[in-house]
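Laboratory data are not the source of any read-out in this text; all were calculated from the coordinates shown. This one's a predicted model, so the numbers in the text were calculated from it and none came from an experiment. Cβ coordinates were reconstructed from backbone atoms using ideal geometry, including for glycine residues, and neighbour counts include every protein chain displayed.
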Amino acid sequence: MTERFHDTTAEAVRSALASRREAQTRFLAELVKVPSDNPPGDCARHAERAAELLEELGFKVERHPVPEDVVRANGMISATNLVVRRRFGEGPVVALNAHGDVVPPGEGWTKDPYGAEIVDGWMYGRGVAVSKSDFATYAFALLALEPVRASLRGAVELHLTYDEEAGGEIGSALLLKEGVSKPDLAIGAGFSYAVVNAHNGCLHLEVQVDGRSARCHALDRRRCARGCGRSHDRALCNSRASVGAEICDARHRLSPIDDWPHPGGNQYQCHS
């Protein structure tokens with residue numbers, strides 16, 4: 001009897017998900033179309049759009065704006081944390097966490113990173129894999145529980161935050177610190193949803209360099225270690241002769257112009 005009950009419940013959930021697949025795809029596309037790059041971390045507009053989309057699905061959405069001074073102190077411009085709660089009865093609270101901020105797209109895209117274009121069944125855009133996709137996955141999974149809610153206990157919360165790429169201090173950590181939520185269990189965004197120790201995102205650094213300033217690519221007039229007669233960057237050619245020869249070969253192939261070694265990459269050595 002128990003096995004039959006679980007089979008029936010699972011089938012009802014699968015059926016609910018399948019019936020809303022196109023709606024789920026449209027939901028994700030709308031999220032992708034609103035940039036939320038971090039840095040710079042101006043994410044309040046995306047949070048508002050996400051809240052509107054969730055409310056259109058029938059969810060009650062709590063908006064928790066992060067104070068501007070706190071946002072600025074964490075290297076961002078604006079952020080609003082969103083919380084959705086759905087209780088099915090007495091029991092533990094399971095929090096599903098996802099982040100709406102994304103690493104900037106960078107170069108090399110063949111599609112608009114904010115276009116949400118679908119080609120051969122694949123959607124292209126920032127956040128399609130992680131973690132705007134989780135907004136859609138969580139929301140529609142929660143909707144799919146409605147047909148079987150009478151058989152469920154406990155509660156599910158969606159914690160949709162915007163500082164994953166900046167460390168997490170003003171997103172999930174702030175919701176817990178301020179007592180907005182006190183979940184018993186939590187599942188974070190990711191590809192596999194397995195238990196791992198990991199963190200992806202941008203590394204924000206402040207570097208202090210002491211000394212006299214100069215152009216980093218200024219040429220050293222000492223000749224290449226191979227003895228070709230050309231000048232090359234000091235940082236590239238003042239090491240071992242074999243290394244200098246390899247660099248010289250590469251530079252000769254890339255640039256026919258003497259004393260203009262394209263490309264202009266630099267390598268540095270630090271000595272304590």
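Observations on the structure shown:
- Of the residues making up the range 16-43, those that are outside any loop (DSSP other than H, G, I, E, B), in contact (Cβ under 8 Å) with a residue 12 or more places away in the chain and farther than 18 Å from Gly167 by Cβ are Ala16, Leu17, Ala23, Gln24, Thr25, Phe27, Leu28, Ala29, Glu30, Leu31, Val32.
- Count - residues of the range 66-97 that are outside any loop (DSSP other than H, G, I, E, B), within 29 Å of Leu145 (Cα to Cα) and touching a helix residue (DSSP H, G or I) at 6+ places or on another chain (Cβ under 9 Å): 9
- Top-ranked residue in the range 95-122 [being in contact with a Cys (Cβ under 7 Å, 6 or more places away or on another chain) and crowded, with 19+ Cβ neighbours inside 10 Å; ranked as farthest from Phe27 (Cα to Cα)]: Asp101
- Count - residues of the range 58-85 that are closer than 25 Å to Val128 by Cβ and surrounded by fewer than 16 Cβ atoms within 10 Å (Cβ to Cβ): 3
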